[in-house]
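Data block below; observations after.
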Amino acid sequence: MKRSAVAVAAIVLPLMVAGCTPAGSDPITPTGSAAAPSPTPSSEGQALPPAIVVPADLAGTDVSVAIGSAVVLAVPDGTEAEWTGSTAEVTVAEFSAGGPSEGAVFRPGFIARALGTTAATTTGPDGQQVDFTISVVAP
């Protein structure tokens, strides 16, 4: 009996000291006035959401996207890797192929690299080509 009590103490004590609780116990809820820091209104260091568009809707349009963001193509599931694309100025925006990678499936799109405007083209698995313009703007 004494040996089992020592074994339990040897397991439970380090967990309690480390702030952990054994599985199945109630979660610890913080008390007191310590609050999480509130986010600042600055956009510095924050990721911007991508512009998600259907390829057919792009034909002949000018898509504005913030630098550091992307234009993501909303393509049918299972065709992500079959889309191709290009831009006239890869320093302004660059095509990023879609498809499976490390257990996830990514949509194809265009990454906004620098301020400016460039002609862009994307081609679907059916061979249909869509031409449009990407304008990369300041966030």
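The values are calculated or read from the model by the stated rules, or taken from the named source; none is laboratory data. Quick caveat: nothing in here was measured; it's all calculated off a predicted structure. Quick reminder, even Gly has a Cβ in these numbers, built from the backbone with ideal geometry, and neighbours come from all protein chains shown.
Yes/no matrix, rows are residues, columns are (1) exposed (fewer than 14 other Cβ atoms within 10 Å of the Cβ); (2) over 17 Å from LEU48 (Cα atoms):
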position: ILE111; (1), (2): no, no
position: ALA119; (1), (2): no, yes
position: GLN128; (1), (2): yes, yes
position: ASP131; (1), (2): yes, yes
position: VAL136; (1), (2): no, no
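Comparison of THR87, THR79, THR61, THR91 shows that the only residue that is buried (at least 17 other Cβ atoms within 10 Å of the Cβ), among the hydroxyl-bearing types (Ser, Thr, Tyr) and either modelled with pLDDT of 95 or more or touching a Gly at 6+ places or on another chain (Cβ under 6 Å) (or both) is THR87.
Considering only residues in the stretch 43-58 that are within 16 Å of GLY124 (Cβ to Cβ) and crowded, with 16+ Cβ neighbours inside 10 Å, the one that is farthest from the chain's Cα centre (by Cα) turns out to be LEU58. Output the residues belonging to the stretch 101-139 that are farther than 21 Å from GLY60 by Cα and either of a type in the set (Ser, Thr, Tyr) or out of contact with any helix residue (DSSP H, G or I) (no Cβ under 7 Å at 6 or more places or on another chain) (or both). If the condition is that a residue be farther than 21 Å from GLY60 by Cα and either of a type in the set (Ser, Thr, Tyr) or out of contact with any helix residue (DSSP H, G or I) (no Cβ under 7 Å at 6 or more places or on another chain) (or both), then SER101, GLU102, GLY103, ALA104, ARG113, ALA114, ALA138, PRO139 are the ones that fit.
For SER96, the criteria (1) touching a strand residue (DSSP E or B) at 6+ places or on another chain (Cβ under 7 Å); (2) small (Gly, Ala, Ser); (3) more than 15 Å from PRO50 (Cβ to Cβ) hold in every case but one, which is (3).
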